[in-house]
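The values are calculated or read from the model by the stated rules, or taken from the named source; none is laboratory data. Quantities reported herein were computed from a predicted structural model and do not represent experimental measurements. Because the Cβ atoms are built from the backbone with ideal geometry, glycine has one as well, and the counts that use them run over all protein chains shown.
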Amino acid sequence: METFITRKIVTVIITVFLLITLIMFQGGCSTNSKITDSKITMNSQQPHVVIVIGEDHFYGAIDSMWELAQALQSYYGMRCTVLQAVSRTSIPGLEALDGADLAIFFIRRRVLSKESMQHVHDYLEAGNPLIAFRTTSHAFASVNKAFSVSQDTSPVQSKQKNGAPAPVERAPWPEFDRQVLGGYYQGYYLGETLASVVPKMKDHPVL
(Lines give C-alpha, C1' and ligand atoms only; values in the text may rest on other atoms or scores of the structure.)
Protein backbone atom coordinates (compact mmCIF):
# COMPACT_ATOMS: atom_id res chain seq x y z
CA MET A 1 0.00 0.00 0.00
CA GLU A 2 2.81 2.46 0.84
CA THR A 3 4.45 1.80 -2.55
CA PHE A 4 1.13 2.35 -4.30
CA ILE A 5 0.53 5.64 -2.49
CA THR A 6 4.10 6.82 -3.14
CA ARG A 7 3.70 6.18 -6.86
CA LYS A 8 0.38 8.00 -6.87
CA ILE A 9 1.94 11.02 -5.12
CA VAL A 10 4.81 11.15 -7.64
CA THR A 11 2.24 11.02 -10.43
CA VAL A 12 0.32 13.90 -8.85
CA ILE A 13 3.46 16.02 -8.47
CA ILE A 14 4.34 15.56 -12.14
CA THR A 15 0.85 16.12 -13.50
CA VAL A 16 -0.09 19.00 -11.24
CA PHE A 17 2.21 21.35 -13.15
CA LEU A 18 0.61 20.34 -16.44
CA LEU A 19 -2.86 20.82 -14.99
CA ILE A 20 -2.15 24.27 -13.57
CA THR A 21 -0.65 25.40 -16.86
CA LEU A 22 -3.79 24.30 -18.68
CA ILE A 23 -6.03 25.94 -16.07
CA MET A 24 -4.27 29.30 -16.29
CA PHE A 25 -4.21 29.13 -20.09
CA GLN A 26 -7.98 28.64 -20.05
CA GLY A 27 -8.46 31.51 -17.63
CA GLY A 28 -9.24 29.68 -14.42
CA CYS A 29 -12.56 28.21 -13.30
CA SER A 30 -15.96 29.71 -13.92
CA THR A 31 -17.97 31.39 -11.18
CA ASN A 32 -20.45 28.49 -11.14
CA SER A 33 -17.88 25.86 -10.20
CA LYS A 34 -19.42 22.55 -9.17
CA ILE A 35 -17.29 22.59 -6.01
CA THR A 36 -19.17 24.53 -3.37
CA ASP A 37 -17.86 23.01 -0.13
CA SER A 38 -14.42 23.64 1.35
CA LYS A 39 -13.68 19.93 1.56
CA ILE A 40 -13.80 17.36 -1.23
CA THR A 41 -13.76 13.82 0.10
CA MET A 42 -13.50 10.46 -1.61
CA ASN A 43 -12.34 6.96 -0.74
CA SER A 44 -10.29 7.21 2.47
CA GLN A 45 -7.65 4.88 0.99
CA GLN A 46 -6.76 7.39 -1.72
CA PRO A 47 -3.86 9.86 -1.15
CA HIS A 48 -4.91 13.02 0.66
CA VAL A 49 -3.92 16.35 -0.93
CA VAL A 50 -4.21 19.54 1.13
CA ILE A 51 -4.31 22.75 -0.91
CA VAL A 52 -3.70 25.95 1.06
CA ILE A 53 -4.73 29.26 -0.52
CA GLY A 54 -3.49 32.49 1.00
CA GLU A 55 -3.17 34.78 -2.00
CA ASP A 56 -5.76 37.33 -3.08
CA HIS A 57 -3.48 39.89 -4.70
CA PHE A 58 -3.69 39.52 -8.49
CA TYR A 59 -2.54 36.01 -9.34
CA GLY A 60 -5.94 34.31 -9.29
CA ALA A 61 -4.97 31.66 -6.74
CA ILE A 62 -8.51 31.08 -5.52
CA ASP A 63 -9.81 30.26 -9.00
CA SER A 64 -6.87 28.17 -10.16
CA MET A 65 -6.45 26.17 -6.95
CA TRP A 66 -10.13 25.24 -6.75
CA GLU A 67 -9.98 24.16 -10.38
CA LEU A 68 -6.89 22.12 -9.60
CA ALA A 69 -8.65 20.43 -6.68
CA GLN A 70 -11.54 19.50 -8.94
CA ALA A 71 -9.16 18.07 -11.55
CA LEU A 72 -7.25 16.01 -8.99
CA GLN A 73 -10.49 14.64 -7.66
CA SER A 74 -12.17 13.96 -11.01
CA TYR A 75 -9.24 12.57 -13.01
CA TYR A 76 -6.92 11.09 -10.40
CA GLY A 77 -9.22 10.08 -7.56
CA MET A 78 -7.37 12.14 -4.97
CA ARG A 79 -8.99 13.20 -1.72
CA CYS A 80 -8.62 16.98 -1.60
CA THR A 81 -9.00 19.43 1.24
CA VAL A 82 -8.95 23.09 0.24
CA LEU A 83 -8.13 25.70 2.89
CA GLN A 84 -8.55 29.43 2.30
CA ALA A 85 -7.18 32.34 4.32
CA VAL A 86 -9.79 34.54 5.97
CA SER A 87 -7.35 37.32 6.83
CA ARG A 88 -3.66 38.19 6.73
CA THR A 89 -3.24 36.35 10.02
CA SER A 90 -5.58 33.38 9.77
CA ILE A 91 -5.87 30.25 7.61
CA PRO A 92 -8.37 28.00 9.41
CA GLY A 93 -7.99 24.23 9.26
CA LEU A 94 -4.22 23.81 8.94
CA GLU A 95 -4.47 20.77 11.20
CA ALA A 96 -5.49 18.97 7.99
CA LEU A 97 -1.76 18.91 7.17
CA ASP A 98 -1.29 16.41 9.98
CA GLY A 99 -2.79 13.69 7.80
CA ALA A 100 -1.78 14.91 4.35
CA ASP A 101 0.18 12.91 1.78
CA LEU A 102 0.88 16.01 -0.33
CA ALA A 103 0.60 19.75 0.38
CA ILE A 104 0.13 22.42 -2.28
CA PHE A 105 0.71 26.03 -1.19
CA PHE A 106 -0.25 29.23 -3.00
CA ILE A 107 0.31 31.73 -0.21
CA ARG A 108 1.49 35.33 -0.02
CA ARG A 109 2.57 37.21 3.11
CA ARG A 110 0.47 35.56 5.81
CA VAL A 111 1.77 35.88 9.36
CA LEU A 112 -0.03 33.17 11.29
CA SER A 113 -0.25 32.24 14.93
CA LYS A 114 2.44 30.07 16.45
CA GLU A 115 -0.14 27.33 16.93
CA SER A 116 -1.17 27.35 13.26
CA MET A 117 2.41 27.43 12.02
CA GLN A 118 3.28 24.40 14.11
CA HIS A 119 1.20 22.26 11.73
CA VAL A 120 3.24 23.61 8.80
CA HIS A 121 6.55 22.94 10.56
CA ASP A 122 5.52 19.44 11.64
CA TYR A 123 4.42 18.50 8.12
CA LEU A 124 7.63 19.72 6.49
CA GLU A 125 10.02 18.44 9.16
CA ALA A 126 8.55 14.96 8.66
CA GLY A 127 9.94 15.07 5.11
CA ASN A 128 6.56 15.24 3.39
CA PRO A 129 6.27 16.58 -0.19
CA LEU A 130 5.35 20.17 -0.99
CA ILE A 131 4.40 21.92 -4.21
CA ALA A 132 4.74 25.70 -3.87
CA PHE A 133 3.35 28.15 -6.41
CA ARG A 134 4.65 31.59 -7.22
CA THR A 135 4.24 33.92 -4.20
CA THR A 136 4.79 31.06 -1.77
CA SER A 137 8.45 32.12 -1.80
CA HIS A 138 7.33 34.80 0.67
CA ALA A 139 4.40 32.88 2.11
CA PHE A 140 5.04 33.63 5.76
CA ALA A 141 7.07 36.84 5.56
CA SER A 142 5.41 40.15 6.35
CA VAL A 143 6.45 43.63 5.34
CA ASN A 144 5.04 44.74 8.71
CA LYS A 145 7.40 43.77 11.55
CA ALA A 146 4.69 44.62 14.10
CA PHE A 147 2.91 41.39 13.11
CA SER A 148 5.39 39.34 15.17
CA VAL A 149 3.11 39.89 18.18
CA SER A 150 -0.20 41.55 17.42
CA GLN A 151 -3.91 41.52 17.96
CA ASP A 152 -5.69 38.72 16.13
CA THR A 153 -7.75 39.99 13.19
CA SER A 154 -9.37 36.62 12.48
CA PRO A 155 -13.10 36.08 13.18
CA VAL A 156 -12.42 33.98 16.30
CA GLN A 157 -10.49 35.78 19.03
CA SER A 158 -9.51 34.84 22.57
CA LYS A 159 -10.43 37.37 25.27
CA GLN A 160 -8.63 38.88 28.21
CA LYS A 161 -10.44 39.33 31.53
CA ASN A 162 -11.35 42.90 30.60
CA GLY A 163 -13.05 41.69 27.41
CA ALA A 164 -10.39 43.02 25.04
CA PRO A 165 -8.86 40.70 22.42
CA ALA A 166 -5.84 38.89 23.86
CA PRO A 167 -2.50 39.37 22.08
CA VAL A 168 -1.69 36.41 19.84
CA GLU A 169 1.88 35.28 19.40
CA ARG A 170 2.71 35.36 15.72
CA ALA A 171 5.28 33.12 14.06
CA PRO A 172 6.56 34.76 10.88
CA TRP A 173 8.94 32.64 8.85
CA PRO A 174 10.88 34.91 6.47
CA GLU A 175 13.52 32.19 6.00
CA PHE A 176 10.96 29.76 4.55
CA ASP A 177 12.10 30.46 0.99
CA ARG A 178 15.73 29.57 1.68
CA GLN A 179 15.20 26.81 4.22
CA VAL A 180 12.41 24.91 2.47
CA LEU A 181 12.30 25.93 -1.20
CA GLY A 182 15.99 26.59 -1.68
CA GLY A 183 15.20 29.99 -3.17
CA TYR A 184 16.37 33.51 -2.54
CA TYR A 185 13.42 35.84 -3.09
CA GLN A 186 14.51 39.48 -2.86
CA GLY A 187 11.65 41.21 -4.65
CA TYR A 188 10.76 41.70 -8.30
CA TYR A 189 13.25 41.83 -11.16
CA LEU A 190 16.39 41.48 -9.06
CA GLY A 191 19.32 39.26 -10.08
CA GLU A 192 18.90 36.06 -12.06
CA THR A 193 17.53 32.59 -11.41
CA LEU A 194 19.97 29.69 -11.41
CA ALA A 195 18.84 26.08 -11.19
CA SER A 196 20.83 22.89 -10.88
CA VAL A 197 20.16 19.22 -10.18
CA VAL A 198 21.69 17.50 -7.18
CA PRO A 199 23.76 14.71 -8.80
CA LYS A 200 22.43 11.90 -6.64
CA MET A 201 18.82 12.93 -7.50
CA LYS A 202 19.25 13.13 -11.29
CA ASP A 203 17.30 9.92 -11.84
CA HIS A 204 14.42 10.82 -9.53
CA PRO A 205 10.99 10.36 -11.24
CA VAL A 206 10.03 14.00 -10.66
CA LEU A 207 13.09 15.16 -12.60
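Among the residues that make up segment 44-55, is at least one of them farther than 25 Å from Glu95 by Cβ and modelled with pLDDT under 90?
No: zero hits.
A quick yes/no check of all residues on (1) among the hydrophobic types (A, V, I, L, M, F, W, C); (2) without any contact (Cβ under 8 Å) to a residue 40 or more places away in the chain:
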position: Val50; (1), (2): yes, no
position: His57; (1), (2): no, no
position: Ala61; (1), (2): yes, no
position: Met65; (1), (2): yes, no
position: Gly77; (1), (2): no, yes
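Take the residues of segment 167-207 that are loosely packed, with under 12 Cβ neighbours inside 10 Å and among the small types (Gly, Ala, Ser): which is modelled with the lowest pLDDT?
Gly191
Which of the residues that make up segment 111-133 are under 24 Å from Glu67 (Cβ atoms) and touching a Phe, Trp or Tyr at 6+ places or on another chain (Cβ under 6 Å)?
Once the filter is applied, which keeps residues that are under 24 Å from Glu67 (Cβ atoms) and touching a Phe, Trp or Tyr at 6+ places or on another chain (Cβ under 6 Å), segment 111-133 yields Ala132, Phe133.
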